[in-house]
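Since the structure comes first, as structure tokens, the remarks are kept for the end.
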Amino acid sequence: MTAHARSLGCCYYPEHWSPQIWQCDAEKMVKAGLTWVRIGEFAWSRLEPQPGQYDWCWLDRAIDILGSAGLKVVLSTPTATPPRWIVDQNPDMLAVDTEGRPRKFGARRHYCFSHLGYRVHCARIVTELAARYAQNPYIAAWQTDNEYGCHDTTISYSAAARSAFQTWLRNRYRETGRDSNDGDITALNTAWGNVFWSMEYGSFEQIDLPNLTVTEANPSHHLDFRRFTSDQVVSFNKLQADIIRRQSPAPIAHNYMGRITDFDHFDVGADLDIASWDSYPLGFLEDRITATEAYKKKFARQGDPDFQAFHHDLYRAVGRGRWWVMEQQPGPVNWAPYNPAPLPGMVRLWTWEAFAHGAEAVCYFRWRQVPFAQEQMHSGLLNPDSSEAPGLTEARRVADEIVKAPAADLCKAPVAIVFDYDADFSWSIQPHGQNMRYFDLVFESYRAARALGLSVDIVPPDTRDLTDYKLILVPGMMHMPKPLKADLASCGAAVIIGPRSACRTQDMQITLPLPPDLPGFDAAITQVESLRPNMGIALEKGGYFQHYFEQLTGTAEVSERTSQGQPAMMREGRVRYLAGWPDPQAFHRILATACTEAEIVTRNLPEGLRLRETATEQFWFNYAAETQVYDGKTFAPASVLRDLLPTTPNP
């Protein structure tokens, strides 16, 4: 894989500060070792205060000051925050929640992706922005919009969405064998199973959005709506990326979020050059990780030891190797249930962990803490009075260290996990039990691999390049296309599929023959049950199944049994089907056994200690708040140990 230089940056909002301090800020950024500065993503009201009346002077000056100081500018499109006058002109552009309530002006992301009038405004401002700055020598990258999906703003039940959904369905269900613009409503009724409960439609105009039904909506209807919604995000992003690309040679990124799964990031990433994400380890621990209160307390100042790494690997895949952290937490945030300060050393650890997973750049959010509005309690590298915050000291240290380690040489990991946003849609529609999520299953698979000291690649569901992997995990992928099944059967790796994999058609119907219907694999799932929290099913070799258990029959070899003798995992050759959701003990044991067979070296790492290996480096990260000793090495709290080739200096 291509090696990329490591660099640092920050997010800056010149419109928030007096122009008299811009020069000083730029000089301080450079002195601190920063290379990149992202600007502009929320500035629409200052760029176009009135319809068609642009004010570029302040942005011209800010870019010139930042660039002249030696910084590379990431210029963002401002479409996440349409100004009030646009809402006044287009009051129906606001997204509508599942209860039918329109969102209001007064925050951000207050638009529906399907509103055509708003798209016209977006195309216009992006065209003007690109025309003015495409050839500016200081513009080294672009960012489209900001954090698609943040604040539950992807899915909208507006009139615009209803109309666009009907058009999307016509295109999806075109009449077979005819060159027609009209969809085949009979094909839709069959795909959705609308004969059930007399839900059949006579025309596409009759189809509404799947909310406010008496009980749950038809899962096939809901799944198509989720796919449509994802495609709306893709086309919205592509509209902007195409405009920029026609005029500017600089690469284009978008900043995704942690555990946002309501649109397909791989599809959005296909129109971009760089994937980036916004990493807030302490905030995410509090509101996006399923864990006990004792666990959250233990890692309250460090963050989860695997959550950031998982997203680093995910967005490396989304960016096809090129990815950044566009926003890195440097201190307490403002938006989580609780907002503690990081343990000393953690800002440095988080930064180096991103570099270990292949990040080209890590940008801290934000340069200076703002004293007003919604984010006034969100820390920056500077305090509101411009005094230095603790995060700046750690960022400065990393800047000094990367001078001695300028490039990351990546290689394929021994383990791959397939991540499928479409599967997440299906799980959210039909979880079959409370608090059961696709993301959690995949993440626990990843966590189990990391606890064994393994480096992991996340791969998209349409990948055809499974060569060189020794172990491949496919948890919870409800619809598995036949080509993927065939590739998994023939790739030569040890493969673990399930639970809840290969159990639905692309139209969200139970597969026939019964799942999992794998090539050369005589096994069938005859019953699925979801388990209460106090109903774990013990396994013969240790640990238990939680959440789900699938009853397997067939002649395939039984490699795991429950304590009552029922098949818990069956196999044919190197392919296994796992019939339940293992607890951490069982996950650890099952993966360790598969690794032994696949000749993968594993380690039993203590809680909080993690290892990441590249082609030329070995990184150890201690997320624990106490000193740990492992394999003759001593790891201080929040420490990073980087082992290199003997001729390479160690930071």
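All of the numbers you see were taken from the coordinates with simple rules; none came from a lab. Computed from a predicted model, the values in this text were never measured in an experiment. Cβ coordinates were reconstructed from backbone atoms using ideal geometry, including for glycine residues, and neighbour counts include every protein chain displayed.
Taking a ≥ b ≥ c as the square roots of the eigenvalues of the Cα gyration tensor, the chain is oblate, since a/c reaches 1.5 or more and a/b is not larger than b/c. From the cross-link list K404/K633; K238/K482; K297/K633; K72/K404; K28/K297; K72/K297, which pairs have alpha carbons spaced over 31 Å apart? Flagged as over cut-off: K28/K297; K72/K297. Here the 3J(HN,Hα) profile of segment 37-53, calculated from phi with Karplus coefficients 6.51, -1.76 and 1.60 at θ = phi - 60°, is 9, 9, 9, x, 6, 10, 9, 4, 5, 8, 7, 9, x, 9, x, x, 10 Hz, Gly and Pro shown as x.
For D465, neighbours were defined as the other residues whose beta-carbon sits under 11 Å from its Cβ, and their charges (Lys and Arg +1, Asp and Glu -1) total -2. The label-point distance for R101 and T167, in a model that sets each label 7 Å from Cα toward Cβ, rounds to 3.0 nm.
Pairs of Cα atoms nearer than 8 Å and 6+ residues apart set the relative contact order; for the chain it is 11 percent. Dividing the helix sum by the residues of the chain, where each DSSP H run of 4 or more adds -39500 (n - 2.57), gives a mean residue ellipticity at 222 nm of -9500 deg cm²/dmol. Charge tally for G321 (other residues, Cβ to Cβ under 14 Å; Lys, Arg +1; Asp, Glu -1): -2. With a Förster radius of 35 Å applied to the C-beta separation of N435 and W197, the computed FRET efficiency comes to 0.80. Per residue, the convex hull spanned by the alpha carbons of segment 283-346 comes to 97 Å³. Here the Karplus relation 6.51 cos²θ - 1.76 cosθ + 1.60, evaluated at θ = phi - 60°, turns the backbone of segment 197-212 into coupling constants of 6, 6, 8, 5, 10, x, 7, 5, 5, 7, 7, 9, 7, x, 10, 6 Hz, with x for every Gly and Pro. Consider a paramagnetic label point 7 Å from the Cα of A159 along Cα→Cβ; state which residues of segment 202-246 have an amide N under 17 Å from it. Taking a point 7 Å out along Cα→Cβ of A159, the residues of segment 202-246 whose backbone N falls under 17 Å are 205-209. Counting only GluC sites (Glu not before Pro) that DSSP places in a loop and that have at most 11 other Cβ atoms within 10 Å, the longest clean stretch of the chain runs over 217-598. Ignoring aspartates and glutamates fewer than eight residues from K412 along the same chain, the ones with Cα atoms less than 13 angstrom from its Cα are D313, D457, D465, D468, E613. Computed from the Cβ-Cβ distance with R0 of 56 Å, the FRET efficiency linking A538 to R397 stands at 0.70.
Normalised by the number of residues in segment 380-501, the mean separation of alpha-carbon contacts (under 8 Å, six or more apart) gives a relative contact order of 26 percent.
Each label was represented as a point 7 Å from its Cα along the Cα-to-Cβ direction; for S386 and T596 these points are 6.4 nm apart.
Placing unit charges on each Cβ (+1 for Lys and Arg, -1 for Asp and Glu) gives segment 6-140 a dipole about its Cα centre, and among L129, Y111, L8 the Cα reaching farthest toward its positive end belongs to L8.
The residues neighbouring G52, those whose beta-carbon lies less than 13 Å from its own, together hold a net charge of -2 under the Lys/Arg +1, Asp/Glu -1 convention.
Under 5 Å from the amide H of A389 lie the amide H atoms of L382, N383, each residue being 5 or more positions distant or on a separate chain, with H modelled from the backbone and absent for Pro and chain starts. Annotation: amide H of S7 within the under-5 Å range of A361, V362, sequence separation 5 or more or interchain, hydrogens built in the peptide plane.
Kirkwood radius and radius of gyration were both taken over the C-alpha atoms of segment 415-597, and their ratio Rg/Rh is 0.92. Amide H to amide H distances under 5 Å link Y548 with L531, W581, where only residues 5 or more positions off or on other chains count and H is placed in the peptide plane. Relative contact order of segment 156-307: 14 percent, from C-alpha pairs under 8 Å at least 6 residues apart in sequence. Couplings 3J(HN,Hα) of segment 633-642, computed from phi: 9, 10, 10, 5, x, 6, 9, 10, 10, 10 Hz, in residue order, whole Hz [Karplus 6.51 cos²θ - 1.76 cosθ + 1.60, θ = phi - 60°; x for Gly and Pro]. The slack between D409 and K296, meaning 0.36 nm per residue of separation minus the straight C-alpha distance, is 37.3 nm.
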